[in-house]
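Asker: Below: one structure in structure tokens.
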Amino acid sequence: MIVRFAGLGLGAATLTTVAAASGNTNADVLPPSLDVSSFMAEPVTPPSTLIKDKDDMKVKMEMLIMKIQADFCRALENEEDPSKKFIVDRWTRAEGGGGVTCVIQNGKTFEKAGVNVSVVHGILPVDAVRQMKARGKELIGKELPFFAAGISSVIHPSNPHVPTVHFNYRYFEVTQENGEKMWWFGGGTDLTPYYLVEEDVRHFHSTLKKACDLHDAGYYPKFKKWCDEYFLVSHRNESRGVGGIFFDDFEMHSQEDSFKFVKSCAESVIPSYVPLVKQHRNDPFTSAERDWQLLRRGRYVEFNLVYDRGTKFGLYTPGARIESILMSLPVYAKWEYMHSPSDGTPEAKLTEILRNPKEWI
């Protein structure tokens, strides 16, 4: 079933109506701790399961990412033309689970803004198992039941002086052949400007560092370095942007402590990014600056299609929903043969930073 809504998040009455239409008739008896009235759509998991398993990490993660999605979408809508709202596309997956994709296209502030939640389960295919084993996950068995919940967002602004932001936070759970469960979190937030404003980059990194420092002072330098290494477009020998934080296979502490860390990171997205949108969305720009933005978007596309781990996992998953997986791609991008910015220009200044990542704070 696919249900599409336009406009602000759904109220409780609308959610109850949608639930009834899909067979979930007890959506209106969710306890206060599972309040879904502010979400952009009904959660993927049936209300009866949300109630029964409310203390399970699978439910906690789904509720968190649904809230982060709603909060971020509304923060972005506040920076957009009032007539332009997110289209909400709630989809289901025959193999198990589904998701909620929220997209704005061709707005005044955002040429494309996508915020996607997915909550899927089923059997891990062989290719996905190989990917996990290549990252040090020794999984026992060939066909493994799995659960994956995550939020992923990429914002492509209209104005080249507003940077692109990407964030992704996810939780995986795999049941091995011997019955043992393995779990881990992953994710991060990173910034891709088209024109370098060092004050903006310092604000962005400082906000992420504050979120990390709430849990461990060593997290920010470790995950900042990991981000610089992960978002390297190696065939270009340059970074995708000016970094942020990135981590995977996060299981360093208890499940609850790990979840609290991920929650802090996800909640730092709005304060790290939205002030930059406010600052630059009305900046004047030239056609040459627009061309540079499109060229840099081309590099963004190269990374996502060639290297991005989440894209690969999605494509390898049975019943993959291509529209949601490729939501991160811009509406417009550009490639020119042997393009190189002239020395001494703002474009050359950014290119130098992308080739030589630095410490911002």
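Asker: Which pairs break 27 Å Cα to Cα here: Lys312/Lys334; Lys142/Lys222; Lys85/Lys225; Lys52/Lys263; Lys85/Lys224?
Answerer: Long pairs (Cα-Cα over 27 Å): Lys142/Lys222; Lys85/Lys225; Lys85/Lys224.
Asker: What residue among Met252, Met182, Met40 has the largest mean-square fluctuation in a Gaussian network model of the chain, using Cα springs under 10 Å?
Answerer: Met252
Asker: So how far apart, in nm, are the two label points at Glu199 and Glu336 if each is 7 Å from Cα heading toward Cβ?
Answerer: In this crude spin-label approximation the distance works out to 3.0 nm.
Asker: Separate question: Heavy atoms only, probe 1.4 Å: what % of the accessible area of the chain goes to carbon and sulfur, would you let me know?
Answerer: Of the solvent-accessible surface of the chain, carbon and sulfur hold 53 percent.
Asker: Probe of 1.4 angstrom, ligands and nucleic acids ignored: what's the accessible area per residue over the chain, in square angstrom?
Answerer: Using a 1.4 Å probe on heavy atoms only, each residue of the chain averages 43 Å².
Asker: Rounded, prolate or oblate: which fits segment 47-355 when a ≥ b ≥ c are the square roots of the eigenvalues of the alpha-carbon gyration tensor, with rounded for a/c under 1.5 and prolate only if a/b beats b/c?
Answerer: prolate
Asker: Let me know the longest stretch in the chain that avoids all GluC sites (Glu not before Pro) found in a DSSP loop with at most 15 other C-beta atoms within 10 Å.
Answerer: In the chain, the maximal stretch lacking such sites is 1-94.
Asker: Work out how much length Asp81 to Leu326 would gain on full extension: take 0.36 nm times their residue separation and subtract the Cα-Cα distance, in nm to one decimal.
Answerer: 85.7 nm
Asker: For segment 163-169, just list the computed ³J(HN,Hα) in residue order, Karplus coefficients 6.51, -1.76 and 1.60, θ = phi - 60°, integers in Hz, with x standing in for Gly and Pro.
Answerer: Working through the residues one at a time gives x, 7, 10, 10, 9, 8, 9 Hz.
Asker: Continuing with the same structure: Taking 0.36 nm per residue of separation and subtracting the Cα-Cα distance, what length does fully extending Lys278 through Glu180 add?
Answerer: Between Lys278 and Glu180, full extension yields an extra 30.5 nm.
Asker: Continuing with this model, one more query. Pop the C-beta distance of Gln131 and Lys52 into the FRET formula with R0 = 30 Å and round what comes out to the nearest 0.05.
Answerer: 0.40
Asker: Here's another thing I want to ask about it. For the pair Glu251/Asn237, report the inter-label distance in nm, with labels modelled 7 Å from Cα in the Cβ direction.
Answerer: With each label point 7 Å from Cα toward Cβ, the separation is 3.8 nm.
Asker: Using the Cβ atoms and a cut-off under 11 Å, what net charge is assigned to the surroundings of Lys54, where Lys and Arg are +1 and Asp and Glu are -1? Write down the numbers at each step before the final one.
Answerer: Working: positive: Lys52, Lys58, Lys60; negative: Asp53, Asp55, Asp56, Glu62.
Residues near Lys54 contribute -1 overall.
Asker: Counting only protein chains, not ligands or nucleic acids, how are Trp335, Trp183, Trp360, Trp226 ordered by accessible area (probe 1.4 Å), most first?
Answerer: Most to least solvent-accessible, the answer reads Trp335, Trp226, Trp183, Trp360.
Asker: Report the paramagnetic label zone for Ile123: residues of segment 137-163 whose backbone N is under 12 Å from a point 7 Å from Cα along the Cα-to-Cβ axis.
Answerer: Residues passing the 12 Å test: 142-146.
Asker: With r as the distance between the Cβ atoms of Asp35 and Glu302 and R0 = 35 Å, compute the FRET efficiency 1/(1 + (r/R0)^6) and round to 0.05.
Answerer: 0.25
The values are calculated or read from the model by the stated rules, or taken from the named source; none is laboratory data. Here the structure is a predicted model, which is why all the values come from computation and not from measurement. In this analysis, Cβ positions are derived from the backbone assuming ideal geometry, glycine residues included, and neighbour counts consider all displayed protein chains. The accessibility values were calculated without ligands, DNA or RNA, using every heavy atom of the protein model including side chains. Shrake-Rupley method; radii C 1.70, N 1.55, O 1.52, S 1.80 Å.
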